[in-house]
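To keep things clear, I will list the structure first and then write my remarks on it.
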Amino acid sequence: MPLVTTTEMFKKAYEGGYAIGAFNVNNMEIVQGITEAAKEVNSPLILQVSAGARKYAKHVYLTKLVEAALEDTGLPIALHLDHGDSFEICKSCIDGGFTSVMIDGSHLSFEDNIALTRQVVQYAHDHGVVVEGELGRLAGIEDDVKVSAEDSSYTNPDQVEEFVKATGVDSLAIAIGTSHGAYKFKPGTKPQLRFDILEEVSRRLPGFPIVLHGASSVIPKYVDIINANGGKLKDAIGVPEDQLRQAARMAVCKINIDSDLRLAMTAGIRQTFNEDPALFDPRGYLKVGRQYIKDLVKDKIVNVLGSDNKV
Ligand code: G3H
Ligand code: 13P
Ligand code: ZN
């Protein structure tokens, strides 16, 4: 089966009250861990590539790895550009075989965000590719750009209809309190997403797929393994899984996960080194990292996203 767009996936997810996991990929072990997990539980998938991942691994290596995963699993997989920040990077990914791109104009004025997003949508749709836009600004770190909590802002529901209509986007990322990275909430505070905003956005955009970025749960099991094996992750806090389940039952059709993958892989590698300090075959520790990613993704799909057996 060739790569698919997210159109059919999102339609079924919206109607079925579940979400598709969008997992960031940077290398072979990550691709294998994610796709082997999805295969075992029969789930559609979005594999996403950031500008940083493209720089690290090169476009051609990542597309070939995803092609290999398609052949190996036979699953419906969409290949998505995560946080494209210019027309040029979106064009390059569209020309280079991606089936979905995000144009992230969330740092621009409303008018400039619309103009840039519309330009990408026109090119993408002419080439059979779908587009995710973003309104509202998440806190956290993306590609070395740190957005402070003060500079972040919730999505304004008053703007969403005009944005979607003027741009023609196929899905919309909104800010309801999630953030990128492993430090999402202040220690001692109760993590709480703004479901009132999500509800108001979906009331104004009936049937329209919403995307949640910064949706890792920062699972304590992996943080504890890292810290027990020489790591120093203090006060790492993620989005509670029950809130992600609730979002998936609502209009959220795509849930982005990167930090949890990083933590799982790092936990596997640190633990392996600690148990066997003489180890120097990279396969010895990478295979453990890959297995931890596989366990994590299977659990996400079955217990949080609800996309198992939806192929
Ligand atoms: O939203 C950002 C993703 O976690 C990608 O991170 O830009 O460091 O690859 P990256
Ligand atoms: P996390 O840092 O919460 O995994 O978010 C990833 C993300 O939103 C990628 O776009
Ligand atoms: Zn993101």
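The values are calculated or read from the model by the stated rules, or taken from the named source; none is laboratory data. Small disclaimer: the values here were computed from a predicted structure and weren't measured. Note that each Cβ is placed from the backbone with ideal geometry, even for glycine, and that neighbours are counted across all protein chains shown. Areas reflect the complete protein model, heavy atoms only, side chains present, ligands, DNA and RNA absent. Shrake-Rupley method; radii C 1.70, N 1.55, O 1.52, S 1.80 Å.
Amide H contacts for I20 (H built 1.01 Å from N in the peptide plane; partners 5 or more residues away or on another chain; cut-off under 5 Å): K254, I255. Computed with a 1.4 Å probe over protein heavy atoms only, the accessible surface of segment 33-160 comes to 43 Å² per residue. In angstrom, the C-alpha Rg and Dmax of segment 114-250 are 16.8, 52. For segment 170-311, the dipole from Cβ point charges (+1 on Lys and Arg, -1 on Asp and Glu) about the Cα centre works out to 120 debye, to the nearest 20.
Multiplying the residue separation of E275 and D112 by 0.36 nm and subtracting their alpha-carbon distance yields 53.4 nm.
Looking at the chain, the DSSP beta bridges with both ends there are about 10 percent antiparallel. Nearest 10 degrees is fine. How inclined is helix 110-126 to the longest principal axis of the chain, computing both from alpha carbons? Relative to the chain, helix 110-126 is tipped by roughly 80 degrees.
Within segment 199-230, what residues put their amide N at less than 18 Å from the label point 7 Å along the Cα-to-Cβ vector of D158? Answer for this model: 199-205. The longest stretch of the chain left intact once loop-based trypsin sites (Lys or Arg not before Pro) with at most 11 other Cβ atoms within 10 Å are removed from consideration, loops following DSSP, is 59-231.
Let me know the charge dipole size of the chain about its Cα centre in debye, to the nearest 20, where only the beta-carbon of Lys, Arg (+1) and Asp, Glu (-1) is charged.
For this selection, approximately 620 debye.
Scaling against 2.2 N^0.38 Å puts the C-alpha radius of gyration of segment 67-163 at 1.20. For the chain, the extents of the C-alpha atoms along the principal axes are 59, 47, 35 Å, listed from largest to smallest. Beta bridges from DSSP with both residues in segment 117-269: antiparallel share about 25 percent, rounded to the nearest 5.
Taking the convex hull of the alpha carbon atoms in segment 183-311, what volume per residue do you get, in Å³?
So the per-residue Cα hull volume is 109 Å³.
Lys and Arg at +1, Asp and Glu at -1: add these up for the other residues within a Cβ distance under 14 Å of K232 and post the number. Every neighbour counted, the sum reads 0.
So what's the angle, to the nearest 10 degrees on a 0 to 90 scale, between helix 28-41 and the longest Cα principal axis of the chain? It is inclined by approximately 80 degrees. Applying 0.36 nm per residue to the separation of Y61 and E199 and subtracting their alpha-carbon distance, the gain on full extension is 45.7 nm. Taking amide hydrogens as placed 1.01 Å from N in the peptide plane, the amide H of V130 sits under 5 Å from those of T6, S100, V101, each at least 5 positions away in sequence or on another chain. Full extension of the chain between Q122 and A166 gives 14.7 nm of extra length, using 0.36 nm per residue less the Cα-Cα distance.
Can you tell which of N256, N26, N156 shows the greatest fluctuation in a Gaussian network model of the chain with Cα springs below 10 Å? Of N256, N26, N156, the Gaussian network model singles out N156 as fluctuating most. Near A166, once Lys and Arg are set to +1 and Asp and Glu to -1 for all other residues with Cβ below 15 Å from its Cβ, the sum equals -4.
Carbon-plus-sulfur accessible fraction, the chain (probe radius 1.4 Å, protein heavy atoms only): 51%. Per-residue ellipticity at 222 nm from helix content only, as computed over the chain with -39500 (n - 2.57) for each DSSP H run of at least four residues, stands at -14500 deg cm²/dmol.
P187 sits among other residues whose Cβ lies under 13 Å from its own Cβ, and their net charge, with Lys and Arg +1 and Asp and Glu -1, is +3.
Determine the per residue accessible area of segment 180-232 with all protein chains present and a 1.4 angstrom probe, expressed in square angstrom.
So segment 180-232 comes to 49 Å² accessible per residue, rounded to a whole number.
Compared with the dominant Cα axis of the chain, that is its longest principal axis, helix 282-300 is turned about 50°.
Shown for segment 1-69 is the translational diffusion coefficient from the Stokes-Einstein equation, using the Kirkwood radius over Cα pairs, a temperature of 20 °C and a viscosity of 1.002 mPa s: 166 µm²/s. Placing R0 at 30 angstrom, the Cβ-Cβ distance between T189 and A228 gives a FRET efficiency of 0.70 after rounding to 0.05.
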